[in-house]
1. Would you check if there is a residue in region 273-282 being without any contact (Cβ under 8 Å) to a residue 12 or more places away in the chain and part of a helix (DSSP H, G or I)?
2. I'd like the full set of residues that are in contact with a strand residue (DSSP E or B) (Cβ under 6 Å, 6 or more places away or on another chain), within 27 Å of residue 199 (Cβ to Cβ) and either assigned to a helix (DSSP H, G or I) or at pLDDT below 95 (or both), limited to region 83-108.
3. Would you list the helices (runs of 4 or more DSSP H) that sit entirely within region 181-264 and hold 2 or more residues that are in contact (Cβ under 8 Å) with a residue 40 or more places away in the chain and within 29 Å of residue 151 (Cα to Cα)?
4. So, in region 41-77, how many residues would count as being under 26 Å from residue 209 (Cα atoms) and without any contact (Cβ under 8 Å) to a residue 12 or more places away in the chain?
5. I'd like to know if region 150-167 contains one or more residues that are modelled with pLDDT of 90 or more and out of contact with any helix residue (DSSP H, G or I) (no Cβ under 9 Å at 6 or more places or on another chain).
6. Could you check region 27-39 and list, in sequence order, the residues that are touching a strand residue (DSSP E or B) at 6+ places or on another chain (Cβ under 7 Å) and either surrounded by fewer than 23 Cβ atoms within 10 Å (Cβ to Cβ) or in a loop (DSSP other than H, G, I, E, B) (or both)?
7. Among residues belonging to region 47-60 that are touching a helix residue (DSSP H, G or I) at 6+ places or on another chain (Cβ under 9 Å) and part of a loop (DSSP other than H, G, I, E, B), point out the one that is farthest from residue 17 (Cα to Cα).
8. Name, by its number, the condition in (1) over 19 Å from residue 237 (Cβ atoms); (2) out of contact with any strand residue (DSSP E or B) (no Cβ under 9 Å at 6 or more places or on another chain); (3) surrounded by 15 or more Cβ atoms within 10 Å (Cβ to Cβ) that does not hold for residue 119.
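The values are calculated or read from the model by the stated rules, or taken from the named source; none is laboratory data. This one's a predicted model, so the numbers in the text were calculated from it and none came from an experiment. Here the Cβ positions follow ideal geometry from the backbone for every residue, glycine too, while neighbour counts run over all protein chains shown.
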């Protein structure tokens, strides 16, 4: 059952499981663009016996409110500051592992940089980047803006649309429940926040800053990547991972998942949970 807490002037919706032991780490799950905390539930169910699990809706998404005149903007740094305030308000003192999907992976990396003494490590799912291709980014930003501006509220009632959303961006079709959930989150996302994250997080400066963040992190960072992810292709995941000290010391910090698209936590929840367990135990493959 979700709770709500005011963070930096905005009510954030979150779910927090009990800690299974005083020594157990806290896994903090950060969702991607136009999604919500709901997609983490299969992983939370699998990992709650081992770790305390916190999932929350980013400002302007899911059930987290959007202030009318946000002054903080929608950069990864701004969302990392929201995260820092959330952990402080919930009195989570560590150790913390940040688990981020897609855009949430970028926010997790910035969060680790923001909270070096609290965050023990980062696990990115379907996240990468660090290469700015001007024409491709301009097309992506333009298409994204049209997508957000043209979404009618009646989409959620359109017959069979959930089947389309259950097959979008994945290699392994999802259950129709997740297709319906994706429609709900797509329609309900605040337009200002959706456009703000799209535009603020994909500038040339932000894209080029991400490898610098990764190269400066002292915590371990692992990337779980779908071999058939067409949104965040493997080459971009490997590129960003190459800036981290694990890669430079000869360790494999990219764990590929066969026949997997852009929603690894739903396509292969058991395999992802197994990999996360191994990572936090220091037994990464």
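1. yes
2. Within region 83-108, 85, 86, 104, 105, 107, 108 meet the criteria.
3. Answer list for region 181-264: 191-200, 204-216.
4. Number of matching residues: 1.
5. No, every residue in region 150-167 fails to be modelled with pLDDT of 90 or more and out of contact with any helix residue (DSSP H, G or I) (no Cβ under 9 Å at 6 or more places or on another chain).
6. 31, 32, listed by residue number.
7. Of all residues in region 47-60, those touching a helix residue (DSSP H, G or I) at 6+ places or on another chain (Cβ under 9 Å) come to 47, 50-51, 53-60.
Pick out the ones that are also part of a loop (DSSP other than H, G, I, E, B) and you get 50-51, 57-60.
Values: 50: 11, 51: 9, 57: 15, 58: 18, 59: 21, 60: 23 Å.
Only one residue fits best here, namely 60.
8. The single condition residue 119 does not satisfy is (2).
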